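Each remark here refers to the structure printed beneath this line.
The values are calculated or read from the model by the stated rules, or taken from the named source; none is laboratory data. These figures come from a predicted structure and were not determined experimentally. Cβ: placed from backbone, ideal geometry, glycine included. Neighbour counts: every protein chain shown.
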Amino acid sequence: MDTKHRIMEEALTLFSEKGYANVFVADIAERVGIKAPSLYKHYKNKHAIFDAIIEEMNRRFLEEAGALQINGADAVADAEIYKKIPEEQLVTLGTNLFLYFLHDDYTRRFRKMLTIEQFHDKELAAAYTKQYVDDPLSYQGMLFGLMVSAGVLQTENVGIMTLHFYAPIYMLLTICDREPERETEALKTMEEHIRQFNRLYARNEGII
């Protein structure tokens, strides 16, 4: 791992342990084993490191999405994929994505940092909302809207349908963050949630 990536890794660890506001550039440099002036050769300030962490996290997610044979960011492309996925495959895909977000160390540390700092820093609170509320709802809302237009799903209100799908999954993720021993229970609940969502909204039996 090169120095630039080591800086990101160590910064993320420190942010998740102490909170963003309580970590200084000198702390990051010390953890990496370099002097602060050397760190500035790679990042102009702490905020630039934070931005790089988000970029890296999103890159890792898109890589995982590709491995699961979805796009992960392009709702138009993914709508074509989801139109053809039977329920069993959808449950498997949902489970794999859930496990990725729960266990990927990079993503887990980032979520922990924002969970802590959202109450102390307005900018990080906004980042939390964007990362875990606005962006997922925007992507899934567009995805479901396209599937309603195609006749695969049916609803009078795409926004509410999107909340019905996403909110329980994110709630289960936060429960497992706090109580890891409830993972098995959460996975069972999520499977039941996906199957019930399919029964409630899908026009074509077995396809969501």
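Observations, loosely collected:
- Where helices (runs of 4 or more DSSP H) fall wholly inside the range 109-208, the ranges with 2 or more residues that are touching a residue at least 60 places away in the same chain (Cβ under 8 Å), assigned by TED's automatic domain parsing to the domain that holds Asp78 and farther than 21 Å from Ile53 by Cα are 135-149, 158-178, 183-201.
- Restricting the first member to the range 75-98 and to residues that are part of a helix (DSSP H, G or I), and the second to residues that are of a type in the set (S, T, N, Q), the beta-carbon pairs closer than 8 Å and six or more apart or on different chains are Ala75/Gln140; Ala77/Asn71; Asp78/Asn71; Ile81/Gln69; Ile81/Asn71; Glu87/Asn198; Leu90/Asn198.
- So Tyr40, is it hydroxyl-bearing (Ser, Thr, Tyr), surrounded by 13 or more Cβ atoms within 10 Å (Cβ to Cβ) and free of Cβ contacts under 8 Å to residues at least 40 places away in the same chain: yes
- Looking only at the range 147-170, residues that are surrounded by fewer than 12 Cβ atoms within 10 Å (Cβ to Cβ) and of a type outside the set (Ser, Thr, Tyr) come to 4 in all.
- Scanning the range 122-136 for any residue that is more than 15 Å from Phe197 (Cβ to Cβ), surrounded by fewer than 17 Cβ atoms within 10 Å (Cβ to Cβ) and in contact with a Gly (Cβ under 8 Å, 6 or more places away or on another chain) turns up nothing.
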